[in-house]
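Inspection log for the structure reproduced underneath, given as structure tokens.
The values are calculated or read from the model by the stated rules, or taken from the named source; none is laboratory data. The shown structure was predicted, so the numbers you read here are calculated from the model rather than taken from an experiment. Virtual Cβ from ideal backbone geometry, glycine too; neighbours counted across all protein chains shown. The area values use the complete protein model at the heavy-atom level, side chains included, leaving out ligands, DNA and RNA. Shrake-Rupley method; radii C 1.70, N 1.55, O 1.52, S 1.80 Å.
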Amino acid sequence: MPRLALLALVLLTGCVTAQDTLTGVEAEPRRRFLTFAGYQSPVLLISVNAPFQLPQPDIAVRLTEHANGSVVGSDVTYTATAAQAKHANYRIVARFDAEQGTDTKDVCKSAFGPTPAARYADRTNLFMAFCDNAEPIAGAKVSGPKLAGLSDPNLREMLRAGMQAMFPSATNSGRTGSMGSIQVNPVPHFRLNPLDGII
């Protein structure tokens, strides 16, 4: 029995988990927004609070390598350089070790300024968001083992798990699902441009 418990602990400590967050935009429209953002141009990817002794833009370059090819059925590519993104208002934000209570909109906003981090001794948390400026389109909370460095294979697994949670495989070929474009409170307005999600 102790051996089984030890084996279970070893398996759990090396496990990467990812969970989708609710943004009001369903899976099919998320993929359409991503396709629009990545049409004839890479999508911007921003790193926030990565636990490595390197500039965040350099870390983002590595994350773009992991992101490429991560969304099943999509040929969208990613860049860490805003000038290369045709629609730079759309971006993937990868925020490491966000504080408890952080939501997907907070992650989107963290691309615009310094944010606190909550480091843990036994794991690394990654909160990812696909945003139109500060408006969330998709999000995913990812947890994995404490990363040993930028070359740790768990970093690739965490990044790809987050991308797949945000953009799950299409279950049908229809264009159904809420685009979450309209927000009623406090006043009715378009939160996202619905025309960008039509293609």
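Largest first, the extents of the alpha carbon coordinates of the range 101-154 on the three principal axes equal 32, 20, 20 Å. Counting only Cα atoms, the size of the range 1-150 along its three principal axes is 56, 33, 28 Å, in decreasing order. Starting from the Cα of S74, step 7 Å along the direction of its Cβ; do the same at K86; then give the gap between the two resulting points in nm. Taking the simple label geometry, S74 and K86 are separated by 1.6 nm. Estimated at 0.36 nm per residue, the fully extended path between S178 and D58 surpasses their Cα-Cα distance by 39.6 nm. Sequence-ordered 3J(HN,Hα) estimates for the range 76-82 from the Karplus curve with 6.51, -1.76 and 1.60 and θ = phi - 60° stand at 5, 10, 9, 9, 9, 10, 4 Hz, glycine and proline given as x. Label-to-label distance, E65 versus S151, with points set 7 angstrom from Cα along the beta-carbon direction: 1.0 nm.
What does the highest-first list of 58-65, 142-149, 116-123 look like by mean Cβ count within 10 Å? Let's see the in-between values first.
Values: 58-65: 19.9, 142-149: 17.0, 116-123: 11.0.
Highest mean packing first, the order is 58-65, 142-149, 116-123.
Sequence-ordered 3J(HN,Hα) estimates for the range 130-139 from the Karplus curve with 6.51, -1.76 and 1.60 and θ = phi - 60° stand at 9, 10, 10, 6, 9, 9, x, 9, 8, x Hz, glycine and proline given as x. For the range 60-120, the solvent-accessible area works out to 47 Å² per residue, with a probe of 1.4 Å and every protein chain left in place.
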